[in-house]
Structure formats: structure tokens, C-alpha cells
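S.K.: Okay, handing you the structure first.
Every number here is computed from the coordinates shown, using simple stated rules; none is lab data. Remember, predicted model here, so these are calculated numbers, not experimental data. Here the Cβ is made from the backbone with ideal geometry for all residues, glycine too, and neighbour counts use every protein chain on show.
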Amino acid sequence: MPTVLSQEEVARLIDSAQNLMHRTMLMMLYATGLRRAELCHLKVSDIDSERMVIHVRQGKGARDRDVLLSPKLLETLREYWRWMKPKTYLFPGTVNNWRADVPITEKIVWTAVVEAAKHAGIAKHVAPHTLRHSFATHMLEAGADLRTIQVLLGHAKLSDTTVYLHLSRRHLQAVPSPLETIEVSSPNDVKRSRLKKKR
């Protein structure tokens, strides 16, 4: 089963980012459910603050889609843009150790997530895809339907999205265990020792 962070762990992860660029990347991954490669190839022109969406171009399976642009993410993106002033690619990479108008490598995203998890003291195995799983699970727990989550994640088949039903606490707790419907004696009345008494 995929690893999912609690919302408190996600907040700690974001607050543990090494710099504003890393923080913006982590927030983007969690707020949108983007894949790592999709994040790397985002362009400044893909941010549509008028419609509050982010255009994902040529995602997995060469499909385009729109994802949510939350006000909190937009605020951070604006601060990041004022500082970094990216031209074409939202997260510019380097050529010969100099910043250039090329996309960052997926390794940089991986490193940003892993280092933040380490500084946040999160013991779970955390990777960029963990934020995608956490996004989908938290959306489901907040009441979003599977079809909406499927579209946001860019899944070709709904069956790919149903895994999040197994990860959602709200859905797991929606139906009581059959144990809850039967009468059993109180645990106070049960003997404590497993050893048979000597006669």
C-alpha cells in the first residue's frame, strides 16, 4: 500500500524545506497531486491565477489536464516568482552549475522531499509520490468523489484511483466492524493469567 502522511506531517515537511524553491515545490506537489516529472516541466504560463487552475501539459499518457490552484499556493508562488523571476520554466534548472532556462531534473525534486522529511523527523519512507498519495487520500477524506480525484490525478482508469479508498480513514471508519454488533462480556470479567492453576 502507498505511504500516506497525516496533514500534520505534511505541514512539518513543508516547514522543513531548505529554501523557498524547495518549499514551493513541496507545496505544489501536495496541493495539486502532480507527478514529479509534471512538476519539473511546469511553465510560468501554466499558472492561471484568473481561473485558479494550473495547466498540466502532456502528463502521463500525453494527456493535458487542469488541477487546482489554491489561494495559499498562489500566495507562495507569487513570493517565489518575485525572488526567482523564472522565465519559461517555473522551476529552472542549471547548465554547467549556472541557472538556465531549462527544467529542473527529477533528482532535485527527490532530494528536496527527502531532505525535508529528514529535517522534519518523519520516520516513514517519504518520496515525491508520497505527497501525491497524501493529496488524493486527504481529498477523499474531505468529501471529494473518486471521479473528481481521478481527473485531478490524471488517471486513465477509475480503478487506478480506487486504491485511495483503502487509505482513507473516513471510508474505513464509515462502516462499523461486525464485532460492534454482537454482545460480548466485559474485559473486566476475563481472567488475566494464561497459566493453568495447579491443583
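S.K.: Could you list, in sequence order, all residues of region 108-137 that are polar (S, T, N, Q), under 16 Å from Thr24 (Cβ atoms) and touching a residue at least 12 places away in the same chain (Cβ under 8 Å)?
M.R.: If we filter region 108-137 for residues that are polar (S, T, N, Q), which is where we start, we get 111, 130, 134, 137.
Still in the running and under 16 Å from Thr24 (Cβ atoms): 111.
Listed by number, the list is empty, since nothing qualifies.
S.K.: I've got another one for you. Every residue in region 102-139 that is part of a loop (DSSP other than H, G, I, E, B) and either aliphatic (A, V, I, L, M) or crowded, with 21+ Cβ neighbours inside 10 Å (or both), please.
M.R.: Passing the criteria: Ile104, Ile122, Ala123, Val126, Ala127.
S.K.: Evaluate region 92-101: report whether one residue or more is part of a loop (DSSP other than H, G, I, E, B), among the hydroxyl-bearing types (Ser, Thr, Tyr) and either farther than 24 Å from Val151 by Cα or out of contact with any His (no Cβ under 9 Å at 6 or more places or on another chain) (or both).
M.R.: no
S.K.: Can you find, within region 92-107, the residue that is farthest from Val10 (Cα to Cα) among those that are in contact (Cβ under 8 Å) with a residue 40 or more places away in the chain and either of a type in the set (Lys, Arg) or touching a Phe, Trp or Tyr at 6+ places or on another chain (Cβ under 9 Å) (or both)?
M.R.: By that ranking, first place goes to Pro103.
S.K.: How many residues are under 16 Å from Trp81 (Cβ atoms) and either touching a helix residue (DSSP H, G or I) at 6+ places or on another chain (Cβ under 9 Å) or assigned to a helix (DSSP H, G or I) (or both) if we restrict to region 32-51?
M.R.: Qualifying residue count for the region: 7.
S.K.: Just to be sure I understand, how many residues within region 1-35 are surrounded by fewer than 21 Cβ atoms within 10 Å (Cβ to Cβ) and either under 15 Å from Glu106 (Cα atoms) or of a type outside the set (A, V, I, L, M) (or both)?
M.R.: 15
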